[in-house]
Amino acid sequence: MIYQGQCHCGAVRFEVQAPEHLEVEDCNCSICRMTGFVHLIVPRAHFRLLQGEDAITTYRFNTGVAQHKFCKICGIKAYYVPRSNPDGIDVNVRCLSTQPKSIEVVPFDGQNWEAHAHTLAHKSRLADSEETTQGKQKR
């Protein structure tokens, strides 16, 4: 399924391919807890920025691997490049205009990130993502 999404002011718009029934993560690390980000990690090939590249600013901290992308106008982080999956894109489900049929929210212990990051690695792999998408659509 193709989802449409955007920041609050609409300067940044994107589309993302993901299953109709989503499994997303609710992370308790400092930045996710403070911003209320709910994670939908997808392969980079399943994300397309439609507009607003010039309206985005990037924030990095700690290791500098994660690229937290914010709209310069409204301040919303609609997506970013996650440290756990630097080959993918992490979309904030709360920024989707198109709603999924269902969402399963899975807690993720980001306060102990190093011990748990490996559990997310498969989410940005194209083959794994397509198998998950096809499997969930067959149900």
Check your understanding: Do we have any residue at all in region 24-33 that's open to solvent by less than 50 Å² (accessible area, probe 1.4 Å), in contact with a strand residue (DSSP E or B) (Cβ under 6 Å, 6 or more places away or on another chain), free of Cβ contacts under 8 Å to residues at least 40 places away in the same chain and not in a loop (DSSP other than H, G, I, E, B)?
Key -> no
Check your understanding: Taking Asp109 and the conditions (1) open to solvent by 30 Å² or more (accessible area, probe 1.4 Å); (2) free of Cβ contacts under 8 Å to residues at least 60 places away in the same chain; (3) not β-branched (Val, Ile, Thr), which numbered condition does it fall short on, given that it satisfies the others?
Key -> (2)
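Of the residues His8, His39, which single one is over 24 Å from Arg125 (Cβ atoms), in contact (Cβ under 8 Å) with a residue 24 or more places away in the chain and either in a strand (DSSP E or B) or open to solvent by 30 Å² or more (accessible area, probe 1.4 Å) (or both)?
Working: His39 fails: over 24 Å from Arg125 (Cβ atoms).
Testing whether each residue is over 24 Å from Arg125 (Cβ atoms), in contact (Cβ under 8 Å) with a residue 24 or more places away in the chain and either in a strand (DSSP E or B) or open to solvent by 30 Å² or more (accessible area, probe 1.4 Å) (or both) leaves just His8.
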Exercise for review: Please tell me if Ser124 is hydroxyl-bearing (Ser, Thr, Tyr), touching a Leu at 6+ places or on another chain (Cβ under 7 Å), modelled with pLDDT under 95 and under 20 Å from Asp26 (Cβ atoms).
Suggested key: no
Review point. In region 52-95, how many are of a type in the set (D, E, K, R), free of Cβ contacts under 8 Å to residues at least 12 places away in the same chain and either open to solvent by less than 10 Å² (accessible area, probe 1.4 Å) or part of a strand (DSSP E or B) (or both)?
Key: 0
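The values are calculated or read from the model by the stated rules, or taken from the named source; none is laboratory data. Nothing here was measured: the structure is a model prediction, and the numbers come from that model. We place every Cβ from the backbone using ideal geometry, glycine too, and count neighbours over all the protein chains shown. All accessible areas refer to the heavy atoms of the entire protein, side chains included, with ligands and DNA or RNA removed. Shrake-Rupley method; radii C 1.70, N 1.55, O 1.52, S 1.80 Å.
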